[in-house]
């Protein structure tokens, strides 16, 4: 019975987060209340408060639900037990582009994060974005550092610079796809942008532009 209760609580929490994402996407963070989230999920406001103290906690949990698996996937690309950091990083990002293209929930969350309003919760979201950006940059830099150690980067390449270029360029693709979806496609333009950047900084033969993603590192290889 205890296990069932735990599973039910997890299902309720997931339902609240799904409803929160729908409300944030439709009404904005500032225009959404916990009561609205509860009504969308089919729960009382008390049920929402049982899981989350305030809207900031809801927002944080909603973002972490998608961010943590993404970061874990990226982190595996820096493994010292593998010798293909460029291929691994490229594949991890290509898989993420594919997921964004296929999953409306992910795209909606991306739009929520890329929008901005003056609410306290949105300020908290900006702090989360900064934290995620720094973590992402550190992983990119570590992957490129590993590539440099293996002799896979062109001479004179600064790994921190490449990491920033990848991060800012792909963020630009996401913004463009959100603002003009008829002109920009996340999967296509993300892949082409990434391959163009890698071609400029990675030695020929390390990866093939336009190729399908290779197998991602497993947990045992980290």
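Below is a table of values for the structure above.
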{"item": "Dimensions (Å) - the stretch 64-205, Cα atoms, principal axes, largest first", "result": "46, 31, 24"}
{"item": "Additional length obtainable on full extension of the chain from residue 71 to residue 176, 0.36 nm per residue less Cα span", "result": "35.6 nm"}
{"item": "Label-to-label distance, nm, for residues given as residue 54 and residue 157 (7 Å Cα→Cβ offset)", "result": "4.5"}
{"item": "MRE, 222 nm, helices only [DSSP H, n ≥ 4, -39500 (n - 2.57), over the chain, to nearest 500]", "result": "-24000 deg cm²/dmol"}
{"item": "Full-extension gain in nm, residue 47 to residue 150, via 0.36 nm per residue minus C-alpha separation", "result": "31.8 nm"}
{"item": "Relative contact order [Cα under 8 Å, 6+ residues apart], the stretch 1-53, whole percent", "result": "30"}
{"item": "Estimated FRET transfer efficiency when R0 is 30 angstrom, pair residue 98-residue 5 (beta carbons, to 0.05)", "result": "0.25"}
{"item": "Degrees, to the nearest 10: 159-179 long Cα axis against longest axis of the chain", "result": "50"}
{"item": "Helix 85-102 axis, angle to the chain major axis (alpha carbon atoms, nearest 10°)", "result": "40"}
{"item": "For the chain, built as a Gaussian network whose Cα springs stay under 10 Å, the top-fluctuating residue of 183, 87, 137", "result": "183"}
{"item": "GNM result for the chain, Cα springs below 10 Å: residue of 99, 180, 66 fluctuating most strongly", "result": "180"}
{"item": "Estimated distance in nm for a label pair at residue 203 and residue 64, the labels positioned 7 Å out from Cα along Cα-to-Cβ", "result": "4.2"}
{"item": "Fluctuation leader among 101, 211, 191 - the chain, Gaussian network, Cα springs under 10 angstrom", "result": "211"}
{"item": "Length gained when the stretch residue 211-residue 108 is fully extended (0.36 nm per residue, less Cα-Cα span)", "result": "34.3 nm"}
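A short reminder: the numbers here are calculations on the coordinates, not readings from a lab. Quick caveat, the model's predicted, so the values are computed rather than measured. Positions of Cβ are generated from backbone atoms using ideal geometry, with glycine treated the same way; all protein chains shown enter the neighbour counts.
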